[in-house]
1. Can you find even one residue in the stretch 138-149 that is open to solvent by 10 Å² or more (accessible area, probe 1.4 Å), modelled with pLDDT of 95 or more and over 25 Å from residue 477 (Cα atoms)?
2. Would you say residue 487 is among the hydrophobic types (A, V, I, L, M, F, W, C), surrounded by 24 or more Cβ atoms within 10 Å (Cβ to Cβ) and touching an Asp or Glu at 6+ places or on another chain (Cβ under 9 Å)?
3. Does residue 105 fit the bill of being modelled with pLDDT under 95, surrounded by 19 or more Cβ atoms within 10 Å (Cβ to Cβ) and part of a loop (DSSP other than H, G, I, E, B)?
4. How about the stretch 395-483: which strands (runs of 3 or more DSSP E) wholly inside it have at least 3 residues that are within 16 Å of the ligand (Cβ to nearest atom)?
5. Taking the conditions exactly as written (part of a helix (DSSP H, G or I), in contact with a His (Cβ under 9 Å, 6 or more places away or on another chain), surrounded by 18 or more Cβ atoms within 10 Å (Cβ to Cβ) and touching a residue at least 24 places away in the same chain (Cβ under 8 Å)), does residue 115 satisfy them or not?
6. Of the conditions (1) within 16 Å of the ligand (Cβ to nearest atom); (2) part of a helix (DSSP H, G or I); (3) open to solvent by 10 Å² or more (accessible area, probe 1.4 Å), residue 95 clears all except one; give me its number.
7. May I ask you to verify whether residue 90 is of a type in the set (Phe, Trp, Tyr) and either modelled with pLDDT under 95 or open to solvent by 30 Å² or more (accessible area, probe 1.4 Å) (or both)?
8. Name the single residue, out of those in the stretch 240-288 being among the acidic types (Asp, Glu) and out of contact with any helix residue (DSSP H, G or I) (no Cβ under 8 Å at 6 or more places or on another chain), that is nearest to the ligand (Cβ to nearest atom).
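The values are calculated or read from the model by the stated rules, or taken from the named source; none is laboratory data. Everything numeric here is computed off the predicted structure, so don't read it as measured data. Here the Cβ positions follow ideal geometry from the backbone for every residue, glycine too, while neighbour counts run over all protein chains shown. The area values use the complete protein model at the heavy-atom level, side chains included, leaving out ligands, DNA and RNA. Shrake-Rupley method; radii C 1.70, N 1.55, O 1.52, S 1.80 Å.
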Amino acid sequence: MKKIFSHVLLLSSVLLFSACSNGNSASSSSTTVSEIKEKTTDTTSGASVQEYTDPTTLKDKYDVIIVGSGGAGMSAAIQAKEAGANPVIFEKMPIAGGNTLKASAGMNASQTTFQKEQGIEDSNDLFFEESLKGGGGTNDQELLRYFVDHSADAIDWLDSMGITLDNLTTTGGMSEKRTHRPTDGSAVGEYLVDGLLRNIHEREIPLFVNADVTKINQTEDQISGVTVTIEGTEKVINADAVIVATGGFGANMDLVVENKPELKGYVSTNQEGSTGDGIKMIQSLGGQTVDLDQIQIHPTVDQTKSLLITEAVRGEGAILVNQAGQRFFNEMETRDKVSAAIIALPEQSAYLIFDAGVKERVKAIDFYEKQGLTVKADTPEALAKAIETPEEALKATLDTWNKAVANKKDDAFKRETAMDNDLSQGPFYAIKIAPGIHHTMGGVKINTNAQVINTENVVIPGLYAAGEVTGGLHGNNRIGGNAVADIIIFGRQAGEQAASFIK
Ligand code: ADP
């Protein structure tokens, strides 16, 4: 086994990559494991060490090959192994985790044990309806039904593996607290990836990094495995089933602009490996794609480092103000609408304004502060001065907002959620944000068995896909917290189905 750096520091390394990235293809990335190690060596002591599989142990054949080591790929691998198969994971980047590592808000699920314990009444039907509404009614309803009905079980499955998401919050477009986060309210991605990796290791599932899959092979209409370049050497590895879990294409600006020209020039929150390889490989096997032009921009992205500011900041009470120090929209509307409202401002950017209470409830803010993204002041007036908005205007905005919270009635913009706490506890904070490319909702077409569908609407036997590489579930606007649920629910399903296919 090859020793890799502390996972505790992965997130900052990855964020560093993405900050440096101009959105070009990851295959051109020259960052090596040793370079990452160098960047992190000074601070790794005492942290848990993750290991990846030694390339010299690579075999010619596995039961199931999984391409990509984000949440979908790792869930698929664990489930396939539980179902009695011997899977392998190939990851093209030097580290596991993909965009999953950067997931922030949490995992949406309804009728869960944790909701019941906390007295939150929710239903799968309501979760279905709100996701459908959020997606403009264009979601693949069969996938969505499967998704909501299996969400609670996915939370229990994670919990059974020591990945406990029992802290609940709300995201835009959801009326109930169904966004499940780690106990301390921290961002979900790193915690989830850490937990999944731990389970991958415990089950001795091989995970090769720097392993770029370039082709899915077929022999006489049967899936026969993949071609992978591993540490510079091309190899053909056989398997009767392949699961494609390569994520989206939000870091491939050519593909983004080809599908949605108006996004030219936007920053991207995506990790470098999100280049759409899986979509291209599946298309070359006759696979069908859906909604490729449905690319989500996230409203709250720091533009200096392309860093996404989690929706949980608004979910825990923050408001958005313009340069004039005034609110301008319902902050808890869906991402497409909030983004559009920001773009419609003359300055095309806004400030998230919050207090010490929000900071306490959203651990990720400590990280934003360390990155130098927060402006802090003892009073609303001092904060206004620091961000160059009129002092009286920001003070009046906060006073009006705090009254709205007290009365549970937002006359100005009809916000109805995330009003449990007002913004009165100093110090006060501001983070400047604007929209950025975040999630590609389109992708390859699958059915509820996670089987890939070809252009003639027929299943391609032995070929499965899960996660952001697939399309249809989210319609034309993904709800915050539904991506993490997607990768776990359909990752598991792909693993289960692939394992039963090879039997
Ligand atoms: P999801 O959320 O759907 O699990 P992620 O973005 O978290 O997606 O993970 C997808 C992973 O797949 C990333 O780590 C990415 O680097 C990896 N990947 C993408 N293309 C390839 C490829 N051609 N070969 C191997 N790994 C790939």
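1. no
2. Details: among the hydrophobic types (A, V, I, L, M, F, W, C): yes; surrounded by 24 or more Cβ atoms within 10 Å (Cβ to Cβ): yes; touching an Asp or Glu at 6+ places or on another chain (Cβ under 9 Å): yes.
In short, yes.
3. yes
4. Numbers: elements: 428-440, 451-453, 459-465.
Passing ranges, in order: 428-440, 459-465.
5. The answer is yes for residue 115.
6. All conditions are met except number (2).
7. no
8. Filtering the stretch 240-288 for residues that are among the acidic types (Asp, Glu) and out of contact with any helix residue (DSSP H, G or I) (no Cβ under 8 Å at 6 or more places or on another chain), the one nearest to the ligand (Cβ to nearest atom) comes out as 277.
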